[in-house]
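Step one of this worksheet: look at the structure below.
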């Protein structure tokens, strides 16, 4: 079965097709082929979200996954992060959750909140 | 009354860069910020993709803000937080009245102003949405602040009008937080946000995008109950029997941003009806001497990196103005775009002043796969180059040559010549 996707490597936005044998068509450059293969074999995304924090200036602490995590783990990671409760101060890039959803990727704070 | 050399209004990405550039051991520079934290809208833009140009790395909004705040740390700039500007007028100098809890109401004098006040979202009223007026209809950026800073969801079943980047980003964000995002409607036949966002925010989560559709009814007496969308024909009239109705408790609008210079309504300077912002020269100075405007307060950017760069130039220019340029006469040359260009900035170049390091920013009207770009003054061609994949959603930039020499009394013309494919 063929799968269709739009390449997002550059602004051209080629419409790609990839079949079960990982043969890519519609790409105008080599990077499109790499992108399409990656997308069907192991699609990953950086997760950015927030966790609860007790602070004088905000109720949410923004966080991100240190590296992209498998796409199918996104909602599992969200469920874990929705149970986290931090208290200020929190430093920038402090580890908030280690090895989120067994991905071997840590969740880091993306802000410094001093009080 | 205390006198400052330069007062910067707004401590978001623009204000932070402007303040850093304007700072000087011998000048009194003041930055006013209405919120409890610096960084402005970057703080609620928790997604990544910022800073690829300025810092050569991919950052989230808060991380980008943090870098800009740290760069300002050792600069000679006084910062007032939770401070609202509420009156401004120009006598010999500028008179600024602000309010905060610690000082009450204070009036200060400033020799130069840099306005980095950002933009506001176009509202329901501005696009004339039909139907009743229940609660639950709100701007996407407001919903973003509620979710990412205040910590609450505005609804469980969401529809989004407008495929601008904020709308797309919020579709993903609400979905990740467990809401049901029923769709995004876009009146144009093409998405108005970046392709990357269409893919990663909509396709990834199977959120339908209804192109050439808009909202034709809103129902609900107290709380929003449902919305109806219709397909539009090429004259932007609804096609009969194309209606689809969705039961939703929140409708988010992502239908455009407008430079927020309402604070300066009391000052008279030339405006540009295409950008809804001010007319400026290459140093981001308006037609009112000593008033500089940069960032989204000048025109809407799609990348924060260029907001910082532009504001930095405004900061340096304000400093140069205080040191030597005050009262010097300008000789302005107009910059015009042809019929394929929506707007060009700066709209004027002051040829009595330095033309070093000047970048023209412009947006095209439609998508052009191939084009030739020309910059001409009269018969003289200054720049000629090929361009590919020009789209309205992406701001284009063109640097002027270092040794550029311009004649007075003749406009500079930026020409996009479309090559048929």
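The values are calculated or read from the model by the stated rules, or taken from the named source; none is laboratory data. All values reported here derive from a predicted model rather than from experimental measurement. All Cβ positions, even for glycine, are placed from backbone atoms using ideal geometry, and neighbour counts span all protein chains on display.
With respect to the conditions (1) more than 15 Å from residue B:284 (Cα to Cα); (2) touching a helix residue (DSSP H, G or I) at 6+ places or on another chain (Cβ under 7 Å), residue B:316 falls short on a single one, namely (1). Restricted to segment B:63-86, and to residues that are closer than 18 Å to residue B:263 by Cα and within 23 Å of the chain's Cα centre (by Cα), which residue is surrounded by the fewest Cβ atoms within 10 Å (Cβ to Cβ)? It comes out as B:86. Among strands (runs of 3 or more DSSP E) entirely within segment B:341-421, having at least 2 residues that are surrounded by 19 or more Cβ atoms within 10 Å (Cβ to Cβ) singles out B:341-345, B:348-350, B:359-364, B:368-377, B:412-418. All told, residue B:79 falls short of being within 30 Å of residue A:49 (Cβ to Cβ), out of contact with any strand residue (DSSP E or B) (no Cβ under 7 Å at 6 or more places or on another chain) and touching a residue at least 12 places away in the same chain (Cβ under 8 Å).
Residues to consider are B:357, B:350; find the one that is under 18 Å from residue B:306 (Cα atoms) and not assigned by TED's automatic domain parsing to the domain that holds residue B:317. Criteria check complete, one pass: B:357. None of B:60, B:116, B:107 is away from chain A (no Cβ under 12 Å) and buried (at least 22 other Cβ atoms within 10 Å of the Cβ) except B:116. Taking segment B:195-210, which residues are within 14 Å of chain A (Cβ to nearest Cβ) and in a strand (DSSP E or B)? Correct list: B:209 only. Only one of the numbered conditions (1) assigned by TED's automatic domain parsing to the domain that holds residue B:3; (2) under 27 Å from the mean Cα position of the chain (by Cα) is not met by residue B:389, and that is (1).
Going by the conditions given, is residue B:236 under 28 Å from residue B:367 (Cα atoms), under 29 Å from the mean Cα position of the chain (by Cα) and either crowded, with 21+ Cβ neighbours inside 10 Å or within 14 Å of another protein chain (Cβ to nearest Cβ) (or both)? Judged against the criteria, residue B:236 is not a match. For segment B:285-324, filtering for residues that are surrounded by fewer than 24 Cβ atoms within 10 Å (Cβ to Cβ) and in a loop (DSSP other than H, G, I, E, B) leaves 8.
Evaluated against (1) farther than 30 Å from residue A:92 by Cα; (2) within 21 Å of the chain's Cα centre (by Cα), residue A:50 falls short on exactly one condition, (1).
Of all residues in segment A:77-98, those satisfying the criterion of being within 11 Å of another protein chain (Cβ to nearest Cβ) and closer than 19 Å to residue B:64 by Cα are A:91, A:92, A:93. Here the strands (runs of 3 or more DSSP E) wholly within segment B:118-189 that include at least 2 residues being within 29 Å of residue A:85 (Cβ to Cβ) are B:157-161, B:180-186.
Here's a check for you: in segment B:24-54, which residue that is facing chain A (nearest Cβ under 10 Å) and assigned to a loop (DSSP other than H, G, I, E, B) is farthest from the chain's Cα centre (by Cα)? Only one residue fits best here, namely B:36. A single entry from B:230, B:242 fulfils the requirement of being farther than 30 Å from residue B:352 by Cα, outside the structural domain of residue B:116 (by TED's automatic domain parsing) and surrounded by 17 or more Cβ atoms within 10 Å (Cβ to Cβ): B:230. Based on this model, can you work out whether residue A:9 counts as more than 13 Å from the chain's Cα centre (by Cα), in a loop (DSSP other than H, G, I, E, B) and either buried (at least 16 other Cβ atoms within 10 Å of the Cβ) or more than 8 Å from chain B (Cβ to nearest Cβ) (or both)? Considered against the rule, which asks whether it is more than 13 Å from the chain's Cα centre (by Cα), in a loop (DSSP other than H, G, I, E, B) and either buried (at least 16 other Cβ atoms within 10 Å of the Cβ) or more than 8 Å from chain B (Cβ to nearest Cβ) (or both), residue A:9 comes out as yes. Here is a check on your reading of the model: is residue A:60 closer than 18 Å to residue B:178 by Cβ, without any contact (Cβ under 8 Å) to a residue 12 or more places away in the chain and surrounded by 21 or more Cβ atoms within 10 Å (Cβ to Cβ)? When the stated conditions are applied, residue A:60 passes them.
Looking at A:74, A:16, just one residue is within 12 Å of chain B (Cβ to nearest Cβ), closer than 28 Å to residue B:369 by Cα, modelled with pLDDT of 90 or more and surrounded by 14 or more Cβ atoms within 10 Å (Cβ to Cβ), and that residue is A:16. Consider segment B:164-187 and keep the residues that are out of contact with any helix residue (DSSP H, G or I) (no Cβ under 7 Å at 6 or more places or on another chain), away from chain A (no Cβ under 14 Å) and crowded, with 23+ Cβ neighbours inside 10 Å. The one that is nearest to residue B:395 (Cα to Cα) is B:164. Reported count of residues in segment A:87-107, each being farther than 18 Å from residue A:46 by Cβ and buried (at least 18 other Cβ atoms within 10 Å of the Cβ), is 1. Farther than 30 Å from residue A:45 by Cα and without any contact (Cβ under 8 Å) to a residue 12 or more places away in the chain, is that true of residue B:239? Yes. If the condition is being facing chain B (nearest Cβ under 10 Å) and in a loop (DSSP other than H, G, I, E, B), then segment A:99-113 contributes A:110, A:111, A:112.
Screening segment A:31-98 for strands (runs of 3 or more DSSP E) wholly inside it with 1 or more residues that are in contact with a helix residue (DSSP H, G or I) (Cβ under 9 Å, 6 or more places away or on another chain) and over 20 Å from residue B:197 (Cβ atoms) returns the ranges A:48-54, A:60-65, A:95-97.
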